[in-house]
Amino acid sequence: MDQVKYSIIPKPQRYLSKEGSFTITSNTPVLCVPEFLEAAKLISNYLKTNENTNKDQAIKLNKDANIPAEGYSLKINNEYVLITASDHKGAFYGAITLKTMIMQSKTKGGKAVLKGCDIYDYPRFSYRGLMLDSSRHFFAVDDIKSLLDQMAFCKLNKFHWHLSDDQGYRIESEIYPLLNEISSKRKYEFLSCKYPPLSSVCKNDGEEYVHYYTKAQIREIVRYAGALNIDVVPEIDIPGHTSAILAAYPNLSCNHEKVEVSSTAGIHSNALCPSNEEVYSFLQNLFDEICALFPYKYIHLGGDEAQKAFKKWEDECELCKKDMEENSIDNGKEYQSLFMNRIKDILKKKNKICILWNDGLSSKTDNDFVCQYWTHSNPLFINKETEKRDFILSPTSNFYFDMSYAHLPLKKAYSFNESKFGFKDDKSILGLECELWTEWICDKDELDFSVYPRIYALSECAWTKEKYKNYKDFYIRLDFYKLYLKSKNINYSNLEKKKIGVKNISPYHLGKLGNEYNYNEKLRQAKEL
């Protein structure tokens, strides 16, 4: 494979330099087949193409059914620029690549000269995602749109939106108004934490925190994402991580105990009661409301970190104990699977495919769940599960971008290889996703600091074949993207590497300037630096 002459991330599968060049001006027409109109607009809007133009030399977008899904061909010579794709998504990604090349081309007198080339490109994985946690901290619609813009620019196509957790429920509900009156409100903005070394600096602080997205706002984000060829995958985490829901509806827990929306990070014991029929009626009605907002086929049910509820189900709740006995189940983990299978069947009738975090799986989990791998599992278990179901890979070691650069530097994100986690081939892998949990990410500047530039490492891992990846080459290409981020006033991080000789480094970000390297100040002070 020839060295890519332009800085393109993710790296194309094939790039051949060719003789010749093509000069683009505001008079260069953009011609396309009807189904590629949106991709053509992406180019013409950037170029501000005039209406009355010479059509002899043009940028053309044509259809070719032989090109892989979401893939494209881009040819540049003396006579034309030609993007060919089999679907509108491939045409869109071809247009993104062309726009990136135009941005880097030498300009003179309002003209940009593109070097001749022959690119043939398509994604390694169909699922290329980013998860944003809006439960722990809320982000405005415009901030999310900014994030979606940058996702599209590096060819990511799934926005996993974490909207319900112990610290808040963030979707407007008309059928269960207490989810907004109570569940969308907590006492403090900033969270306390028992996890050392964060416990010394992370205290309850700030004013009462009240936020949720209206249905109109959610529809706007879904529409905006769709125009960028990004599907929105909502997550409602159950049966654990439900303190916020139970604060409004305590009758859905085993003991009906009144709890508060949590202002503390970490794993909580509050959980839904699998033996309570009211839980299933509540969730069926709630998912009716949620599914009407999110048209994409996938929905995420969480299922992670429910282990603190197992004792309640196994030893304390008489109804759960009876239910487990009747179903020949002797432990909470398998009982959780029984619960998740039933919710999955409800959603299957709505034509939804359900996703679970991998620690929510057991031998009783139905095969039609997609598994999202995030935490270590026995490779033998993984090998067995890959025969049953599809996987999305988000290992903490590579793609948890709430982790500090001290713990997860850029190179480590780029070094992802599925074989390290027991996956022998791509057959069961839908794709990759980075995670942005927001216990310690409180505003857009901090979010940007966490995302950029590591999002480009995730992008290349998800799109480009492993044999074409090269970190030194990637790092050179990254220079253009840093300039681009700077032009957009995006607070990207320069803390790309581990610092040698620094002790007691926080595992998580503290502030928007990388204060994890000096966490011995209060979180509030760190935010103000």
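The values are calculated or read from the model by the stated rules, or taken from the named source; none is laboratory data. No experiment lies behind these values; they were computed from the predicted model shown. Every residue, glycine among them, receives a Cβ derived from its backbone with ideal geometry; neighbour counts consider all protein chains shown. Calculation scope for accessible area: heavy atoms of the full protein, side chains included, ligands and nucleic acids excluded. Shrake-Rupley method; radii C 1.70, N 1.55, O 1.52, S 1.80 Å.
Of note:
- All positions within the range 1-22 that are among the β-branched types (Val, Ile, Thr) and either in contact with a Cys (Cβ under 7 Å, 6 or more places away or on another chain) or open to solvent by 60 Å² or more (accessible area, probe 1.4 Å) (or both): Ile9
- Filter pass, Tyr213 being open to solvent by less than 10 Å² (accessible area, probe 1.4 Å) and closer than 21 Å to Glu174 by Cβ: yes
- Residue among Ser397, Ser404, Ser415, Ser428 that is of a type in the set (S, T, N, Q), touching a helix residue (DSSP H, G or I) at 6+ places or on another chain (Cβ under 9 Å) and free of Cβ contacts under 8 Å to residues at least 24 places away in the same chain: Ser397
- Among (1) in a strand (DSSP E or B); (2) modelled with pLDDT of 95 or more, the one test that Ser21 misses: (2)
- Some residue of the range 192-199 being at pLDDT 95 or above and of a type in the set (D, E, K, R): no
- Scanning the range 115-131 for residues that are part of a strand (DSSP E or B), under 18 Å from Ala85 (Cβ atoms) and more than 17 Å from the chain's Cα centre (by Cα) yields Cys117, Asp118, Ile119, Tyr120, Asp121.
- Taking the conditions (1) of a type in the set (A, V, I, L, M); (2) touching a Leu at 6+ places or on another chain (Cβ under 7 Å); (3) buried (at least 22 other Cβ atoms within 10 Å of the Cβ); (4) farther than 19 Å from Gly302 by Cβ in turn, Ile392 satisfies each one other than (4).
- Meets criteria (surrounded by fewer than 20 Cβ atoms within 10 Å (Cβ to Cβ), without any contact (Cβ under 8 Å) to a residue 40 or more places away in the chain and of a type in the set (S, T, N, Q)) for Asn341: yes
- Taking the numbered list (1) closer than 22 Å to Tyr492 by Cα; (2) touching a strand residue (DSSP E or B) at 6+ places or on another chain (Cβ under 6 Å); (3) surrounded by fewer than 23 Cβ atoms within 10 Å (Cβ to Cβ) in turn, Trp440 passes all entries but (3).
- For Asp143, the criteria (1) more than 22 Å from Lys5 (Cβ to Cβ); (2) open to solvent by less than 10 Å² (accessible area, probe 1.4 Å); (3) of a type in the set (D, E, K, R); (4) in contact with a helix residue (DSSP H, G or I) (Cβ under 9 Å, 6 or more places away or on another chain) hold in every case but one, which is (2).
- Of all the residues in the range 256-275, those that are open to solvent by 20 Å² or more (accessible area, probe 1.4 Å), more than 24 Å from His137 (Cα to Cα) and at pLDDT 95 or above number 2.
- Residue in the range 277-296 that is of a type in the set (S, T, N, Q) and either in contact with a Leu (Cβ under 7 Å, 6 or more places away or on another chain) or open to solvent by less than 10 Å² (accessible area, probe 1.4 Å) (or both) present: no
- Looking only at the range 182-196, and only at residues there that are open to solvent by 80 Å² or more (accessible area, probe 1.4 Å) and over 18 Å from Val259 (Cα atoms), the one that is nearest to the chain's Cα centre (by Cα): Tyr195
- Counting residues in the range 403-412 that are surrounded by 18 or more Cβ atoms within 10 Å (Cβ to Cβ), touching a Leu at 6+ places or on another chain (Cβ under 7 Å) and either modelled with pLDDT under 95 or outside any strand (DSSP E or B) (or both) gives one or more.
- Scanning the range 458-481 for residues that are farther than 13 Å from Lys411 by Cα, of a type in the set (D, E, K, R) and open to solvent by less than 30 Å² (accessible area, probe 1.4 Å) returns a single hit, Arg477.
- In summary, helices (runs of 4 or more DSSP H) completely within the range 307-398 and bearing 2 or more residues that are basic (Lys, Arg) occur at 307-311, 318-326, 332-348.
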